[in-house]
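Structure record follows, encoded as structure tokens.
The values are calculated or read from the model by the stated rules, or taken from the named source; none is laboratory data. The structure presented is a predicted model; accordingly, all values stated were derived computationally and were not measured. Cβ: placed from backbone, ideal geometry, glycine included. Neighbour counts: every protein chain shown.
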Amino acid sequence: MQHVIKGMSLRWLLIASFINSFAFGFIWPLTSVYLYNELYQTLVTIGWVMMANAVGQAIGSLISGRLFDRFKPYMLIQFGVVSMIILQIAFIIWHGWPVYAIILTLVGFFGGWITAAINSYGTQVRSHDGRFVFNMLYFTSNFGMVFSTALVGPIYPFGITWLFILALILYIALFIIVHAKFNFTLDNRTTDKVFTKIKLPKWNLALVYASVLGLVVLWISYAQWQGNLSVYMNSVLKLPLWQYSMLWTINGILIAVIQLGMNALNLSSNHRSMFIQIFLGIVMFGLSFLILPFSHHFGGFALAMIITTIGEATAFPMIPALVNELTPVSLKGRYQGLSAAAPSVGRAVGPLVGGLIIQQQGYSILFFAAAALTFVAFIGLLVSMVTGYRHTVRYDEN
């Protein structure tokens, strides 16, 4: 008989989050290089493939989050991990064109599925405050991605199959952990009949959607760092590609330092601190884009990345934490799925929007536009919080 535990273990949840992002990091970072150099696809085609992967992540997150509240979460997350195991085997066998693109889209779907499930399980941790939990989930997710991204470069020359094999091993390990540690009775589960009658208070719903929409806008700007900036540095400014890679090494190290420092100082558990983190973080994030038009050497880009990371690491984890505070147990999965989908929507839209601006106006206008978008997100969230937060019902679980 399966052993049933009470409440989610934070340690095993963070380990699962780390392994999930570690495994996923062996798949998507090499997509552009592999499609361009090995499968001889155009940059336009590559853009559509990346968009399909991001849209798949968004849809997977939304569906998984909704089902979390209605179905057995333990079965849902197992289904997601088993599907990823099957897809890694498919990648090992078939990785030509166009099968690679089809499998990558499915990988995006189930990657989003698992991420939303892990975030939803985060609402079931009883040993720590919700803000601490989501800070740590953000940290472990980024830490896993940093590790895998660092390993992709040395391993890729031996063949892409080895990366899929490593991802397969990691997903098998994730399945073992999920099977052993994720089966417990969740709090205040409701039947479908009762579920349909439960609704968020008006102001809670408004703030949740404002927060998620703000996160989408921020990720549209952030997507420029992950895509168009590499072309700008390498092709326009003729800077070596290792300098662009070094920016993400800085990003990963800083996120680790900031998150661990905040948790050591107990800042993530402070209620008032949450709003300072969100708004100050967004301001810092926006300021970094104003540095980029005037940067022509690595030092300028490194400074911009440091400021970006400070903003990202303080503001981004607090949005799912705020969503957790504003939603009852019976609806947490639905709205955590929504917040998990937001980055994927931003990653899907961002490269297309950025490409159009570059084509019409150039890179400098793109960076100013990204700063303006961040400012819009800041104003929207600030007005929403000032107007509505005092009218909300808070569902503090810890």
Those residues of the stretch 357-373 which are at negative phi and either at pLDDT 95 or above or not polar (S, T, N, Q) (or both), in sequence order | I357, I358, Y363, I365, L366, F367, F368, A369, A370, A371, A372, L373
Which of the following residues is more than 20 Å from the chain's Cα centre (by Cα), surrounded by fewer than 24 Cβ atoms within 10 Å (Cβ to Cβ) and either under 22 Å from A52 (Cα atoms) or aliphatic (A, V, I, L, M) (or both): I306, I310, I357?
-> I357
Boolean, V353 is assigned to a helix (DSSP H, G or I), farther than 27 Å from Q57 by Cα and not polar (S, T, N, Q) | no
Looking only at the stretch 281-288, decide whether some residue is surrounded by 18 or more Cβ atoms within 10 Å (Cβ to Cβ), within 17 Å of the chain's Cα centre (by Cα) and of a type outside the set (G, A, S).
-> yes
One residue from A372, A342 being within 18 Å of F134 (Cβ to Cβ), in the same structural domain as L205 (by TED's automatic domain parsing) and in contact with a Gly (Cβ under 9 Å, 6 or more places away or on another chain) | A342
Enumeration of residues in the stretch 369-398 that are assigned to a helix (DSSP H, G or I), hydrophobic (A, V, I, L, M, F, W, C) and more than 24 Å from the chain's Cα centre (by Cα) = V383, V386
State which residue is nearest to T327 (Cα to Cα) when the search covers only the stretch 67-84 and only residues that are modelled with pLDDT under 90 and surrounded by fewer than 18 Cβ atoms within 10 Å (Cβ to Cβ).
-> R70
